[in-house]
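The values are calculated or read from the model by the stated rules, or taken from the named source; none is laboratory data. From a predicted model like this one, the values you see are computed outputs, not experimental measurements. All Cβ positions, even for glycine, are placed from backbone atoms using ideal geometry, and neighbour counts span all protein chains on display.
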Amino acid sequence: MKILVIGDTHIPRRASWIPEEISNLIENEKFDKVVCTGDLTDRKVLDYLEGLSEVTVVRGNMDHLPLPEYDVFNAEKIKIGVVHGDQVYPRGNREQLKAIAKRLGVDLLISGHTHSPDIHFDEVLLLNPGSATGVWGGGGGSLKPSFMILEIDGREVVVSFYELDKELFSTTERFRLKTIKD
């Protein structure tokens, strides 16, 4: 299963659109699902993502669209949770995100809000795609547009992280999530 993970676009308030290098890549991929961590801030971004695949999206603190606060779904043999992350202070606090993951009963938690990408594995896999437009956030951010693509096979997750810094580059990490019997 192939999943695009994207968020914090803040279009049109802080950015006019997703950078061409990123939109060209994602438009030429075939995704089984798109996961968005919120802060779209405009319906046209959701329409664009829905044109790529089935979308799971949560409400960001800057969104005025009627979106859920969180979502949980299954991908292969992995239970995935999605939150924006504005309920966590300080922003991106891994212990609080891990507690949310445990409360939701998920193996993998996807969050946003920080505008800084993060991949962390400690009992649960925590992923933050950063901002797809690289815009500033209230707590800073990397200011480099970024997103992730997940490839899930059974209990294995391959995370490809993409960041735009003059040109688009990616790194890949592979995780095998344990089951109760492992």
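Can you name every residue in the range 33-63 that is more than 22 Å from residue 137 (Cβ to Cβ), in contact (Cβ under 8 Å) with a residue 40 or more places away in the chain and not in a loop (DSSP other than H, G, I, E, B)?
Once the filter is applied, which keeps residues that are more than 22 Å from residue 137 (Cβ to Cβ), in contact (Cβ under 8 Å) with a residue 40 or more places away in the chain and not in a loop (DSSP other than H, G, I, E, B), the range 33-63 yields only 33.
Checking residue 105 against (1) at pLDDT below 95; (2) touching a strand residue (DSSP E or B) at 6+ places or on another chain (Cβ under 9 Å), which single condition isn't satisfied?
The one condition residue 105 does not meet is (1).
Go through the range 64-182 and tell me which strands (runs of 3 or more DSSP E), entirely inside it, have 2 or more residues that are more than 17 Å from the chain's Cα centre (by Cα).
Passing ranges, in order: 156-165, 167-176.
Quickly run through the range 1-13 and pick out the residues that are at pLDDT 95 or above and more than 17 Å from the chain's Cα centre (by Cα).
Passing the criteria: only 12.
Exactly one of (1) in contact with a strand residue (DSSP E or B) (Cβ under 7 Å, 6 or more places away or on another chain); (2) free of Cβ contacts under 8 Å to residues at least 60 places away in the same chain is unmet by residue 115. Its number?
Unmet for residue 115, out of (1) in contact with a strand residue (DSSP E or B) (Cβ under 7 Å, 6 or more places away or on another chain); (2) free of Cβ contacts under 8 Å to residues at least 60 places away in the same chain: (2).
Could you tell me how many of the residues in the range 137-182 are under 19 Å from residue 36 (Cβ atoms) and of a type in the set (S, T, N, Q)?
Count: 3.
Out of (1) modelled with pLDDT under 95; (2) of a type outside the set (Gly, Ala, Ser); (3) farther than 27 Å from residue 41 by Cα, the odd one out for residue 158 is which?
The single condition residue 158 does not satisfy is (1).
Within the range 138-150, track down each residue that is out of contact with any Gly (no Cβ under 9 Å at 6 or more places or on another chain) and crowded, with 16+ Cβ neighbours inside 10 Å.
Within the range 138-150, 149, 150 qualify.
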